[in-house]
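Where a number appears in this text, it was derived from the coordinates with a stated rule and is not lab data. All of these numbers come straight from a predicted model, not from anything done at the bench. Glycine gets a Cβ as well: all are built from the backbone with ideal geometry, and neighbour counts include every protein chain shown.
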Amino acid sequence: MEAINDVHVSEPGLVVVDVAAADDETAFAFHTALTARWATTSVERTTREAGQPGVRLRCYLDLRQPLSPRDSIPRP
């Protein structure tokens, strides 16, 4: 993975998320769960490191955005 750029964490509430998963489907499912709740960068592909198991994915979140309406509904 590339180094984290200062602009990606320049303010409180900005987050860099590095995901390690067994496969593309799992990594993208996790990203989809994040995008349902926060403003998140889109991702198009995962990366693989030679000799290492699984895949990696990086995205950027903005936690300053309010949670989606779905998350504000009280759960039993």
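Using the charge dipole of segment 15-68 (Lys, Arg: +1 at Cβ; Asp, Glu: -1 at Cβ; taken about the Cα centre), state which of Pro66, Ala36, Pro53 has its Cα farthest towards the positive end.
Checked the options; the winner is Pro66.
If you plug each phi of segment 14-29 into the Karplus form 6.51 cos²θ - 1.76 cosθ + 1.60 with θ = phi - 60°, what whole-Hz ³J(HN,Hα) values come out, in order, with x for Gly and Pro?
The phi angles translate into 8, 9, 9, 10, 9, 10, 10, 9, 5, 8, 4, 4, 5, 4, 5, 5 Hz.
Zone of Ala20 (label point 7 Å along Cα→Cβ, backbone N under 20 Å): which residues in segment 33-66?
Within reach of a label on Ala20, which here means backbone N under 20 Å from a point 7 Å along Cα→Cβ, segment 33-66 contributes 45-60.
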